[in-house]
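Novice: For reference, the structure I am asking about is given below.
The values are calculated or read from the model by the stated rules, or taken from the named source; none is laboratory data. Quick caveat: nothing in here was measured; it's all calculated off a predicted structure. Glycine gets a Cβ as well: all are built from the backbone with ideal geometry, and neighbour counts include every protein chain shown.
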Amino acid sequence: MDDVAVALAVHVLGIVVWIGGLSLVTTVLLPVVRRRPPAEGWALFEAVERRFAWQARAAVVVVGASGFYLAWRLELWRQLSEPQFWWIDAMAVLWLAFVALLFVAEPLGAEAWLRRREQAAPGSGFARFHLLHWVLLGLGLVTVLCGVLGSAGGL
């Protein structure tokens, strides 16, 4: 089996776990959490988040490593500056956003900020958090769609 095929398969698998997990959190977990009393909602959110955070981080690392490998192996670096390959830039920007969220914002206290916001105005913290997830999910799905179409020559 060709190393590029393996790297591409690993890349796609990582994206499925990453964006699929984001979809689950956005469309299932957060609506349930928002309908619960604040203390109960926090307990549920933290229980699920604790179990899922490492999966999301691992998927983002796998996607980044395999993406960089593919860019190196296929010599795609010059395409990052070519307008017709904008979808490669979109993939990189989305990946960087998630690296910042999962490896910088969360460890620096994004959850503590969300808790304070929720305590000050019940419903507002999770509402903004949920909206952010919808935006990220929308961007993720569009990026996946455009990445597949672009790599198949359809854009």
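Novice: Among the acidic types (Asp, Glu), more than 13 Å from the chain's Cα centre (by Cα) and more than 28 Å from Val10 (Cβ to Cβ): which single residue out of Glu46, Glu75, Glu82 fits that description?
Specialist: Glu46 is the lone residue from the list that is among the acidic types (Asp, Glu), more than 13 Å from the chain's Cα centre (by Cα) and more than 28 Å from Val10 (Cβ to Cβ).
Novice: So, in the stretch 1-12, how many residues would count as being more than 17 Å from Leu94 (Cβ to Cβ), in contact (Cβ under 8 Å) with a residue 24 or more places away in the chain and surrounded by 12 or more Cβ atoms within 10 Å (Cβ to Cβ)?
Specialist: Residues meeting the conditions: 4.
Novice: Among the candidates Leu44, Leu80, which residue alone is among the aliphatic types (A, V, I, L, M) and farther than 24 Å from Glu106 by Cα?
Specialist: Every option except Leu80 fails the conditions.
Novice: Inspect the stretch 145-152 for any residue being of a type in the set (S, T, N, Q), surrounded by fewer than 17 Cβ atoms within 10 Å (Cβ to Cβ) and more than 20 Å from Ala7 (Cβ to Cβ) and give the result as yes or no.
Specialist: No, the stretch 145-152 contains no residue that is of a type in the set (S, T, N, Q), surrounded by fewer than 17 Cβ atoms within 10 Å (Cβ to Cβ) and more than 20 Å from Ala7 (Cβ to Cβ).
Novice: Another one. So which helices (runs of 4 or more DSSP H) stay within the stretch 37-137 end to end and still have 2 or more residues that are surrounded by 12 or more Cβ atoms within 10 Å (Cβ to Cβ) and modelled with pLDDT under 85?
Specialist: Where helices (runs of 4 or more DSSP H) fall fully within the stretch 37-137 and carry at least 2 residues being surrounded by 12 or more Cβ atoms within 10 Å (Cβ to Cβ) and modelled with pLDDT under 85, they are 38-73, 110-120.
Novice: With within 22 Å of Leu155 (Cα to Cα) and touching a Ser or Thr at 6+ places or on another chain (Cβ under 9 Å) as the only criterion, which of Leu74, Leu94 stands out?
Specialist: Only one candidate qualifies: Leu94.
Novice: Which of the numbered conditions does Val6 fail, given that it passes all the others? Conditions: (1) at pLDDT 95 or above; (2) under 20 Å from the mean Cα position of the chain (by Cα).
Specialist: Against the list (1) at pLDDT 95 or above; (2) under 20 Å from the mean Cα position of the chain (by Cα), Val6 comes up short only on (2).
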